[in-house]
1. Take the residues in the range 13-56 that are among the small types (Gly, Ala, Ser) and touching a Pro at 6+ places or on another chain (Cβ under 9 Å); name whichever of them is farthest from residue 70 (Cα to Cα).
2. Only one of (1) among the aliphatic types (A, V, I, L, M); (2) over 14 Å from the mean Cα position of the chain (by Cα); (3) not assigned by TED's automatic domain parsing to the domain that holds residue 11 fails for residue 35. Which number is that?
3. Going through the range 1-35 one residue at a time, which ones are of a type in the set (Val, Ile, Thr) and in a loop (DSSP other than H, G, I, E, B)?
4. Mind checking whether some residue in the range 49-62 is outside any loop (DSSP other than H, G, I, E, B) and more than 30 Å from residue 126 (Cβ to Cβ)?
5. Between a first residue in the range 8-21 that is under 8 Å from residue 48 (Cβ atoms) and a second residue that is surrounded by 13 or more Cβ atoms within 10 Å (Cβ to Cβ), which pairs have beta carbons less than 6 Å apart while being 6 or more apart in sequence or on different chains?
6. On the basis of being surrounded by 15 or more Cβ atoms within 10 Å (Cβ to Cβ), of a type in the set (Val, Ile, Thr) and closer than 30 Å to residue 118 by Cα, does residue 55 make the cut?
7. Kindly indicate the residue of the range 60-81 that is more than 11 Å from the chain's Cα centre (by Cα), modelled with pLDDT of 90 or more and not aliphatic (A, V, I, L, M) and also farthest from residue 119 (Cα to Cα) among those meeting that condition.
8. Quick one: which residue in 96, 84, 109, 104 is in a loop (DSSP other than H, G, I, E, B), over 14 Å from the mean Cα position of the chain (by Cα), free of Cβ contacts under 8 Å to residues at least 60 places away in the same chain and on the phi < 0 side of the Ramachandran plot?
Amino acid sequence: MEDGLNDDMGTLVTYFQRWRLQLNIGKTVAAAYHLSTREARRELEVRVNNTFLEVQQAPKYLGVRLDRTLSFKQHLEEDKAKVTSRVALIRRLAGTTWGACAKTLRISTQALVFSAAEYCAPAWSRSPHAMVT
């Protein structure tokens with residue numbers, strides 16, 4: 001598997017050089033996606049210009065954590081923590097004696113909570129492995 005990946009990385013490097021682009025090796029990682037635990041935990045040795053790429057079990061791509069089975073469990077747990085802290089902030093704004101008006105709370109909820117909860121939902125919500133509770 002590594003031979004094919006290393007050949008593909010060579011093709012990418014050639015493409016980048018042709019179009020005067022530069023690959024940021026510090027941000028480039030290797031990951032295996034497989035339902036078989038043995039295959040998914042395999043330590044890949046992928047090189048770019050004789051530099052080994054870091055191997056991550058669940059890299060983050062455009063804000064979405066991609067785990068080996070694409071169940072998005074880790075991503076949803078991180079989102080749950082983020083949304084919970086934002087809901088706590090909204091609750092503090094909604095005090096019974098001095099709280100913000102309903103319009104302010106609604107706008108704050110849409111900006112803080114809904115944006116975090118729904119980010120990339122079309123991608124992870126359609127996964128047959130995603131269990132949203």
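1. Filtering the range 13-56 for residues that are among the small types (Gly, Ala, Ser) and touching a Pro at 6+ places or on another chain (Cβ under 9 Å), the one farthest from residue 70 (Cα to Cα) comes out as 30.
2. (3)
3. Once the filter is applied, which keeps residues that are of a type in the set (Val, Ile, Thr) and in a loop (DSSP other than H, G, I, E, B), the range 1-35 yields 25, 28.
4. Checked against the condition, which is being outside any loop (DSSP other than H, G, I, E, B) and more than 30 Å from residue 126 (Cβ to Cβ), the range 49-62 yields at least one hit.
5. Listed by first residue and then by second, the contacts come to 9/48.
6. yes
7. Checking each candidate, the answer is 77.
8. 96
The values are calculated or read from the model by the stated rules, or taken from the named source; none is laboratory data. Quick caveat, the model's predicted, so the values are computed rather than measured. All Cβ positions, even for glycine, are placed from backbone atoms using ideal geometry, and neighbour counts span all protein chains on display.
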